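J.: Quick one: the structure is below, and I'll ask about it shortly.
Since every read-out is calculated from the coordinates, none of them should be taken as a lab result. Computed from a prediction, not measured in an experiment: that's the story for all the values here. When we count neighbours, we look across all protein chains shown, and the Cβ atoms used for this are built from the backbone with ideal geometry, even at glycine.
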There are 2 protein chains.
Amino acid sequence: MSARPDRTLRQFLGYGMKRAFAAIQTDVNAALAPHGLRMMTYSVLVVIRDTPGVRQSRLSDILLIERPNLVLILDELESADWITRTRAQDDRRAYDLRVTLKGRRVCDRASAAVAAHDSRMAAGLGPEERLALLDALHRIESNGRSSDDDADQVSRP
Amino acid sequence: MSARPDRTLRQFLGYGMKRAFAAIQTDVNAALAPHGLRMMTYSVLVVIRDTPGVRQSRLSDILLIERPNLVLILDELESADWITRTRAQDDRRAYDLRVTLKGRRVCDRASAAVAAHDSRMAAGLGPEERLALLDALHRIESNGRSSDDDADQVSRP
DNA sequence: TATTGTTATACTCTATAACTATA
DNA sequence: TATAGTTATAGAGTATAACAATA
């Protein structure tokens, strides 16, 4: 009957975003699986590599992961000997997180796989189009945070 | 130490997409909650409204929801008296799905809330930028499907 | 008192196998 | 035998409350 049964939804950014992100997630997880990683574990591994000595609270702020959920991801990375958790010298509640040599090698190989995945998904987009897309995504993320602030202001008059 | 601890991830479309989509999902679910809906239940309700008599298999194809998961969503919508499931005349295995009058009213109100949400999230994007974004998202989704086909061909030589 | 990491728990979305009743 | 819908179940990701050790 209707050629585009989802035409009402197609006008919304969220619908296109959900479908595009689902495609990306499926593809990147397939690309990461041979390396023993998933999107979330890879993201955490990369940020630890790029920020040696980072602590769990900071990491959860950076990646927008709740602290309790990060604990399980770190357990997984630590069990694989890809990161170390060592007590911080200046604060014995905290841990300094670092990637091991093994972890760095896995991270490098996985990063190549993710870069290839990214190129596949971006096929047909020119360099300017790609930059415009990244910029628009960042703008939308910011708009979401502003929305949070507004809600806070309204709920605490 | 690093001003952008996620600079490696920021170059990837998937990372920006995940963060933008998370912001959208939080905002749209907050917009829909007063109407008793979530992103998924709203999407299903809209497609049924726009495709009267649609069947569950077709609906799951349209929205990329697995049939078993759709059943629970429809149970929820039916319990609220927003849709009806009536046996199809030509095939007694199947159901014709339709929104009730009550369901149409909820859907209309929710759609206004979602439209307002969408405008909030798209703030700062011009009409052309917005169209370019929707087009890029659609392109990425297509690239994902091509990737699936390739994988099928490779795994079945 | 506040913070760091942790445990426990719950909810949503997603994914698969196996069942029933029809076709 | 194939399909429409269903049941049961399991895996991820996400979210909150409450706790121990430390600041």
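J.: List the number of the failed condition for residue A:48; all other conditions in (1) farther than 19 Å from residue A:94 by Cα; (2) more than 10 Å from DNA strand C (Cβ to nearest atom); (3) not aromatic (Phe, Trp, Tyr) hold.
T.: (1)
J.: Further question: Let me confirm something: among B:115, B:123, which residue is part of a helix (DSSP H, G or I) and more than 16 Å from DNA strand C (Cβ to nearest atom)? Break it down stepwise before answering.
T.: Numbers: B:123 fails: part of a helix (DSSP H, G or I).
Answer to the check: B:115.
J.: Among A:28, A:44, which is the only one that is touching a residue at least 60 places away in the same chain (Cβ under 8 Å) and within 11 Å of DNA strand D (Cβ to nearest atom)?
T.: Numbers: A:44 fails: touching a residue at least 60 places away in the same chain (Cβ under 8 Å).
Only one candidate qualifies: A:28.
J.: A further question on this structure: So in region B:71-93, with the set limited to residues that are touching a residue at least 12 places away in the same chain (Cβ under 8 Å) and polar (S, T, N, Q), which one is nearest to DNA strand C (Cβ to nearest atom)? Full working, then the answer.
T.: Initially, region B:71-93 is screened for residues touching a residue at least 12 places away in the same chain (Cβ under 8 Å), giving B:71, B:73-74, B:76-77, B:80-86, B:88.
With polar (S, T, N, Q) added as a condition, the list becomes B:84, B:86.
On the way: B:84: 19, B:86: 14 Å.
Among residues in region B:71-93 that are touching a residue at least 12 places away in the same chain (Cβ under 8 Å) and polar (S, T, N, Q), the one nearest to DNA strand C (Cβ to nearest atom) is B:86.
J.: On to the next question. Do we have residue B:65 as within 12 Å of DNA strand D (Cβ to nearest atom), among the hydrophobic types (A, V, I, L, M, F, W, C), in contact with a Gly (Cβ under 8 Å, 6 or more places away or on another chain) and more than 8 Å from chain A (Cβ to nearest Cβ) here?
T.: Numbers: within 12 Å of DNA strand D (Cβ to nearest atom): yes; among the hydrophobic types (A, V, I, L, M, F, W, C): yes; in contact with a Gly (Cβ under 8 Å, 6 or more places away or on another chain): no; more than 8 Å from chain A (Cβ to nearest Cβ): yes.
No: the conditions fail for residue B:65.
J.: Only residues that are more than 7 Å from chain A (Cβ to nearest Cβ), more than 30 Å from residue A:130 (Cα to Cα) and hydrophobic (A, V, I, L, M, F, W, C): list them for region B:32-49, please.
T.: Once the filter is applied, which keeps residues that are more than 7 Å from chain A (Cβ to nearest Cβ), more than 30 Å from residue A:130 (Cα to Cα) and hydrophobic (A, V, I, L, M, F, W, C), region B:32-49 yields B:32, B:33, B:37, B:44, B:45, B:48.
J.: So, of the residues in region B:51-67 that are touching a residue at least 12 places away in the same chain (Cβ under 8 Å) and among the aliphatic types (A, V, I, L, M), which turns out to be farthest from DNA strand C (Cβ to nearest atom)?
T.: Checked region B:51-67; the qualifying residue farthest from DNA strand C (Cβ to nearest atom) is B:54.
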